[in-house]
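Colleague: Before I ask anything, here is the structure I am working with.
What follows draws every value from the coordinates through simple rules; no lab data is involved. As the structure is a computational prediction, the values presented were derived from the model and not from experiment. Counting neighbours? That spans all protein chains shown, and the Cβs are built from the backbone with ideal geometry, glycine included.
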């Protein structure tokens, strides 16, 4: 699939956030963190979401590189990740 590259100076935070949230599994993974309200291991996420190891690994690495989650022995939301989950909650309330 062709993805048009937009120069960074023409992008905005909302566009970047929506692009991230629009990726397959992103919302469900982040929602799982908010439902559990604590740290989760890779195996817990994989088992509960029934997601492939490859996709889960890709999303978690992306979230970690963006500062949305942190990894120690387990994964947990950072303050930025908690703000993002608040945004997800607000979007759900729209009921579009």
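Colleague: So, in the range 50-64, exactly how many residues are surrounded by 14 or more Cβ atoms within 10 Å (Cβ to Cβ) and assigned to a helix (DSSP H, G or I)?
Modeller: Residues flagged as surrounded by 14 or more Cβ atoms within 10 Å (Cβ to Cβ) and assigned to a helix (DSSP H, G or I) within the range 50-64 amount to 8.
Colleague: Report, by residue number, each residue of the range 12-38 that is without any contact (Cβ under 8 Å) to a residue 12 or more places away in the chain and either assigned to a helix (DSSP H, G or I) or surrounded by 13 or more Cβ atoms within 10 Å (Cβ to Cβ) (or both).
Modeller: Applying the first criterion (without any contact (Cβ under 8 Å) to a residue 12 or more places away in the chain) to the range 12-38 yields 12-16, 18-19, 22, 35-37.
Within the range 12-38, 13, 14, 15, 16, 18, 19, 35, 36 meet the criteria.
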